[in-house]
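So the structure is just underneath, and the comments pick up after that.
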Amino acid sequence: MTDPAQSLAGALAALDRAADHFWSFMEDRSVRFVPSQVAPIFFATLGHLVTGRDGPAGRRAGLAVLGRLYRRFGLCPYHGTVIAAAMVDTVRRFAGGSWEPELAEVWERGCRRVLRLAERAGVVGDEDAPGAALWASDQRPSPVGELVPTGTAAGNDDVRPPRSAT
């Protein structure tokens, strides 16, 4: 199986065109929550988080950016379907020879996972939001969604792409 990071490299090499395609894909489906000027940041950050190539500090920073965008533009969990489809279509289009059909599922699942984490990260900046106190405590969400105390084996800072079923 091809590495998701290799398939993303082609899109990042032509970031402006790829971001335009990403934004147009959503626009064609009447989903207009991300302004076209923000599409390159949203696309590149989401792509980096799905591939999981950054260290823990980079992943936390990326989630903080997506979380702010999530909250600022009023994203809802159901937007994840269109965002994931736009990401898969864009990466497939710009990946060239590094695209393989099984990468579609890897990208879709990775996008949904990162967007769930971004939704939680967006809550952190809102003191009145439910769960903000929990974020301020010594607990944080694990990558699979349950809350675990910091310092436990399950409480890590990793956002990694899903493992293949090979």
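The values are calculated or read from the model by the stated rules, or taken from the named source; none is laboratory data. Predicted model, so just to flag it, every value in this text is computed and none were measured. Don't worry about glycine lacking a Cβ; one is built from the backbone with ideal geometry, like all the others, and counts go over all protein chains shown. Note: areas computed on protein heavy atoms with side chains; ligands, DNA, RNA excluded. Shrake-Rupley method; radii C 1.70, N 1.55, O 1.52, S 1.80 Å.
A few points about this structure:
- In region 33-49, the residues that are over 13 Å from residue 118 (Cβ atoms) and touching a residue at least 60 places away in the same chain (Cβ under 8 Å) form no Cβ pair under 9 Å with any partner that is assigned to a loop (DSSP other than H, G, I, E, B) and of a type outside the set (A, V, I, L, M, F, W, C), whether six or more places apart or across chains.
- Within region 21-38, the only residue that satisfies the criterion of being of a type outside the set (A, V, I, L, M, F, W, C), in contact with a helix residue (DSSP H, G or I) (Cβ under 7 Å, 6 or more places away or on another chain) and modelled with pLDDT of 90 or more is 21.
- For region 1-31, residues that are outside any helix (DSSP H, G or I) and closer than 20 Å to residue 67 by Cβ total 1.
- Qualifying residue in region 16-34 (condition: more than 19 Å from residue 85 (Cα to Cα) and touching a Ser or Thr at 6+ places or on another chain (Cβ under 8 Å)): no
- Within region 67-81, tally of residues that are over 11 Å from residue 120 (Cα atoms) and assigned to a helix (DSSP H, G or I): 5
- All positions within region 1-22 that are open to solvent by less than 70 Å² (accessible area, probe 1.4 Å) and within 19 Å of residue 73 (Cα to Cα): 19, 22
Every residue, every condition in (1) open to solvent by 60 Å² or more (accessible area, probe 1.4 Å); (2) at pLDDT 50 or above; (3) part of a strand (DSSP E or B), yes or no:
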position: 96; (1), (2), (3): no, yes, no
position: 106; (1), (2), (3): no, yes, no
position: 116; (1), (2), (3): yes, yes, no
position: 140; (1), (2), (3): no, no, yes
position: 145; (1), (2), (3): no, no, no
position: 151; (1), (2), (3): yes, no, no
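- Residues that are of a type in the set (Ser, Thr, Tyr) and open to solvent by 30 Å² or more (accessible area, probe 1.4 Å), drawn from region 39-93: 78, 81
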